[in-house]
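The values are calculated or read from the model by the stated rules, or taken from the named source; none is laboratory data. Everything numeric here is computed off the predicted structure, so don't read it as measured data. With ideal geometry, Cβ positions are generated from the backbone for all residues, glycine too; neighbour counts draw on all protein chains shown. Calculation scope for accessible area: heavy atoms of the full protein, side chains included, ligands and nucleic acids excluded. Shrake-Rupley method; radii C 1.70, N 1.55, O 1.52, S 1.80 Å.
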Amino acid sequence: MVYKNPNWDWHTMNPDTDTALADKIDNGLIDAVDPNLEPFFSHKGKLIMYHGWSDQLIAPGNSVNYYESVAKKMGGASKTADEIRLFMVPGMAHCAGGEGPNTFDMVSAMEQWVEQGHAPEQIIASQSQNGRVDRTRPLCPYPQVVRYKGSGSIDEAANFTCAAP
C-alpha cells in the first residue's frame with residue numbers, strides 16, 4: 001500500500017523512514033483512532049467493540065483507550081452508553097481462541113440493539129473442549145467486570161453477574 005507495488009519485498013523495509021511514510025499515506029484510512037463518532041452516532045449508529053485480554057498481537061489497552069477517548073470526546077460514558085459498548089474478553093487471544101470462553105454472538109446482540117432498542121447488558125461466551133461446551137461466562141460492558149455470585153459452578157454463566165470494578 002505504501003509503495004503501491006504488490007511485488008514489494010518486505011525485507012527491504014526501513015522502520016526509520018517507512019513507518020512515517022505509511023502514517024502519511026494512511027491519512028486515517030486504516031487506523032481507527034479518531035474519537036469523534038458524532039457523524040456515525042447522528043445517523044443512529046451503534047458500535048459494539050470487543051477485545052481479548054490475552055491478545056498477543058494488539059495490546060488490549062488500545063481498545064480500552066479508544067473507547068475511553070470516544071466517551072470523553074462525546075461528553076462522557078453516560079452519554080454514549082446508548083451508542084457504543086466495549087466488551088473485554090478474559091482469556092481470549094487475538095480475535096478468538098485462548099484459554100477463556102471466547103465463542104459468542106455479537107451479531108444477535110447488535111440486532112437486538114438496533115432493531116429492538118435493547119442495548120447488550122451482557123453477552124454469554126462459551127469455551128468448548130472436544131466439541132462440548134465446558135464453561136460459560138458473561139461478558140460485561142466496560143468498565144464493568146464479571147463477579148462470581150458466591151455459589152454454584154464456576155463453569156456456568158448464571159453464577160456470575162456484571163458489576164462495577
Just checking, how many residues over the stretch 11-30 are exposed (fewer than 10 other Cβ atoms within 10 Å of the Cβ), at pLDDT below 90 and not β-branched (Val, Ile, Thr)? 7
Of the residues that sit in the stretch 131-165 and are out of contact with any strand residue (DSSP E or B) (no Cβ under 7 Å at 6 or more places or on another chain) and small (Gly, Ala, Ser), which one is nearest to Gly97 (Cα to Cα)? Gly131
Residue in the stretch 98-140 that is nearest to Cys162 (Cα to Cα), counting only those that are assigned to a loop (DSSP other than H, G, I, E, B) and open to solvent by less than 70 Å² (accessible area, probe 1.4 Å): Cys140
Residues of the stretch 141-158 satisfying the condition of being surrounded by 12 or more Cβ atoms within 10 Å (Cβ to Cβ), of a type outside the set (Phe, Trp, Tyr) and not in a strand (DSSP E or B): Pro143, Gln144, Asp155, Ala157
Any chance the stretch 75-85 includes a residue that's surrounded by 12 or more Cβ atoms within 10 Å (Cβ to Cβ) and over 18 Å from Leu37 (Cα atoms)? no
Could you grab me the full set of residues in the stretch 32-55 that are more than 15 Å from Asn102 (Cβ to Cβ), part of a loop (DSSP other than H, G, I, E, B) and open to solvent by 60 Å² or more (accessible area, probe 1.4 Å)? Ala32, Val33, Asp34, Asn36, Ser42, His43, Lys44
Flag if Pro165 is open to solvent by less than 60 Å² (accessible area, probe 1.4 Å), part of a loop (DSSP other than H, G, I, E, B) and within 19 Å of Val89 (Cα to Cα): no
The stretch 56-97, residues that are farther than 21 Å from Thr136 by Cβ and assigned to a loop (DSSP other than H, G, I, E, B): Gln56, Leu57, Ile58, Ala59, Met74, Gly75, Gly76, Ala81, Asp82, Glu83, His94
From the options Ser69, Ser54, residue that is among the hydroxyl-bearing types (Ser, Thr, Tyr), free of Cβ contacts under 8 Å to residues at least 60 places away in the same chain and under 30 Å from Gly117 (Cα atoms): Ser69
